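Q: Could you have a look at this structure, given as structure tokens, before my questions?
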Amino acid sequence: AGHDLKEMTAHRGDADRGKAFFEQTFSACAALMQAIVRHPRPVIAEVDGLATAAGAQLVASCDLAIASHEATFCTPGVNIGLFCSTPMVALSRNVSRKHAMEMLLTGETIDAATAKEFGLVNRVVPREYLNQIVTKYAQTIAAKSSLVVKTGKEAFYAQAEMGLAEAYAFTGRVMVENMLARDAEEGIGAFIGKRKPEWTEE
């Protein structure tokens with residue numbers, strides 16, 4: 001769900017018409033979304049219902065998102081005179097500009113298949129298999145080197161904010177450091193030796 005509009009409205013009676021409460025609320029929400037992006041481990045959204053406004057922002061902030069066929073998504077602020085400006089940050093970093101603007105300007109609800117087409121979710125699955133499939137993703141990723149996953153996630157979001165030449169220079173340095181890590185030596189050695197790697201670094 002998005003923000004509690006009744007709670008927000010109640011603060012209009014504050015001396016500052018709710019300004020301090022609104023600032024604190026949107027700041028806390030932004031901090032949470034950034035914490036997900038900065039978290040060293042991948043975060044997977046499991047969606048089986050309506051993800052609206054800040055809920056859609058939460059889905060867009062996660063590294064992966066798996067939805068049931070029943071899941072729906074919207075940024076409906078425009079319908080009530082409050083443009084979804086903070087959800088727009090995560091949304092516009094996940095889907096094309098045209099798709100983001102379609103959601104933001106119309107405020108209409110999209111189904112899970114459309115969310116996948118837009119790039120908001122990775123997969124759409126039957127409800128009865130949703131948790132099983134999310135767990136499989138989590139187990140698959142957890143079996144990788146935690147150092148390599150952390151390095152890759154950090155680099156992914158960092159390079160996305162850079163120009164092309166800067167991104168290649170940055171990721172080149174990341175690759176060199178990664179190649180020097182014990183887990184890269186172990187992983188490459190295991191691949192060449194046709195054996196399962198034993199990760200050591202956290």
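The values are calculated or read from the model by the stated rules, or taken from the named source; none is laboratory data. This one's a predicted model, so the numbers in the text were calculated from it and none came from an experiment. Note: ideal-geometry Cβ built from the backbone for every residue, glycine included; neighbour counts use all protein chains shown.
Q: Taking region 86-106, which residues are exposed (fewer than 14 other Cβ atoms within 10 Å of the Cβ) and farther than 20 Å from Ala160 by Cβ?
A: Leu105
Q: Which residue pairs have Cβ atoms closer than 7 Å, lie 6 or more positions apart in sequence or on different chains, and pair a first residue in region 49-69 that is within 13 Å of Met103 (Cα to Cα) and assigned by TED's automatic domain parsing to the domain that holds Ala115 with a second residue that is in a loop (DSSP other than H, G, I, E, B) and among the hydroxyl-bearing types (Ser, Thr, Tyr)?
A: These pairs meet every condition: Ala53/Thr75; Ala56/Thr75.
Q: Right, something else. Being under 27 Å from Ser92 (Cα atoms) and of a type in the set (A, V, I, L, M, F, W, C) is true for just one of Ala184, Ala165. Which residue is that?
A: Numbers: Ala184 fails: under 27 Å from Ser92 (Cα atoms).
Result: Ala165 is the single residue among Ala184, Ala165 that is under 27 Å from Ser92 (Cα atoms) and of a type in the set (A, V, I, L, M, F, W, C).
Q: For region 17-30, indicate whether the set of residues that are under 26 Å from Asn122 (Cα atoms), in the same structural domain as Lys136 (by TED's automatic domain parsing) and in contact (Cβ under 8 Å) with a residue 12 or more places away in the chain is non-empty.
A: yes
Q: Only residues that are closer than 30 Å to Phe191 by Cα, touching a strand residue (DSSP E or B) at 6+ places or on another chain (Cβ under 9 Å), assigned to a helix (DSSP H, G or I) and in contact (Cβ under 8 Å) with a residue 12 or more places away in the chain: list them for region 90-147, please.
A: Result: Ile133, Val134, Tyr137, Ala138, Ile141.
Q: Continuing with the same structure: If Gly77 passes every condition in (1) in contact (Cβ under 8 Å) with a residue 12 or more places away in the chain; (2) not assigned by TED's automatic domain parsing to the domain that holds Phe26 but one, which one does it miss?
A: (2)
Q: Sticking with this one: Taking region 1-42 as the region of interest, how many residues are in a loop (DSSP other than H, G, I, E, B), in contact with a Leu (Cβ under 8 Å, 6 or more places away or on another chain) and surrounded by 14 or more Cβ atoms within 10 Å (Cβ to Cβ)?
A: Matching residues across region 1-42 total 1.
Q: A further question follows. Taking region 51-82 as the search range and keeping residues that are more than 13 Å from the chain's Cα centre (by Cα) and part of a helix (DSSP H, G or I), which one is surrounded by the fewest Cβ atoms within 10 Å (Cβ to Cβ)?
A: Taking the candidates together, the pick is Ile80.
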